[in-house]
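**Student:** I have a structure I would like to understand better, so I am pasting it below and will then ask my questions one at a time.
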Amino acid sequence: MIIQIMITGLEEARTTLANDPDARWDKLLEMERLLVEEDAAVLPFYQGANAYLKTDRLGGIQVFPFGRTVSYRTTFITE
């Protein structure tokens, strides 16, 4: 339903309202409002990640799946 309204609105803004900037702007704002209020979804745009190299001589390092990513509190080096 909303996709058809958007297609029709964009076609109208592109053709019929092309020579009337104020009416065209109002139509585009109306379609944006409709999208945001009726059809908006929330999703993450960014997911952080850290990459690091670790030697086999390094032990006791704690890697967490979220929050603080790495703790060196119990880390030690073996010979």
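**Student:** Using the structure shown, decide if TYR46 is at pLDDT below 90 and among the aromatic types (Phe, Trp, Tyr).
**Tutor:** Here the answer is yes, as TYR46 does meet what is asked.
**Student:** If we scan segment 58-75, do we find a residue that is hydrophobic (A, V, I, L, M, F, W, C), part of a loop (DSSP other than H, G, I, E, B), exposed (fewer than 10 other Cβ atoms within 10 Å of the Cβ) and out of contact with any Asp or Glu (no Cβ under 6 Å at 6 or more places or on another chain)?
**Tutor:** Yes; the residues of segment 58-75 include at least one that is hydrophobic (A, V, I, L, M, F, W, C), part of a loop (DSSP other than H, G, I, E, B), exposed (fewer than 10 other Cβ atoms within 10 Å of the Cβ) and out of contact with any Asp or Glu (no Cβ under 6 Å at 6 or more places or on another chain).
**Student:** Return the pair list, or none, for Cβ contacts closer than 7 Å from residues in segment 2-20 that are touching a residue at least 12 places away in the same chain (Cβ under 8 Å) to residues that are surrounded by fewer than 11 Cβ atoms within 10 Å (Cβ to Cβ), at least 6 apart or on different chains.
**Tutor:** Listed pairs, sorted by first residue: ILE2/GLU38.
**Student:** Quick check on my filter: what residues within segment 31-69 are of a type in the set (Lys, Arg) and in contact (Cβ under 8 Å) with a residue 12 or more places away in the chain?
**Tutor:** ARG57
**Student:** Quickly run through segment 23-44 and pick out the residues that are within 11 Å of GLU12 (Cβ to Cβ) and either part of a loop (DSSP other than H, G, I, E, B) or hydrophobic (A, V, I, L, M, F, W, C) (or both).
**Tutor:** ALA23, LEU28, MET31
The values are calculated or read from the model by the stated rules, or taken from the named source; none is laboratory data. Not measured: the values here are computed from a predicted model. Counting neighbours? That spans all protein chains shown, and the Cβs are built from the backbone with ideal geometry, glycine included.
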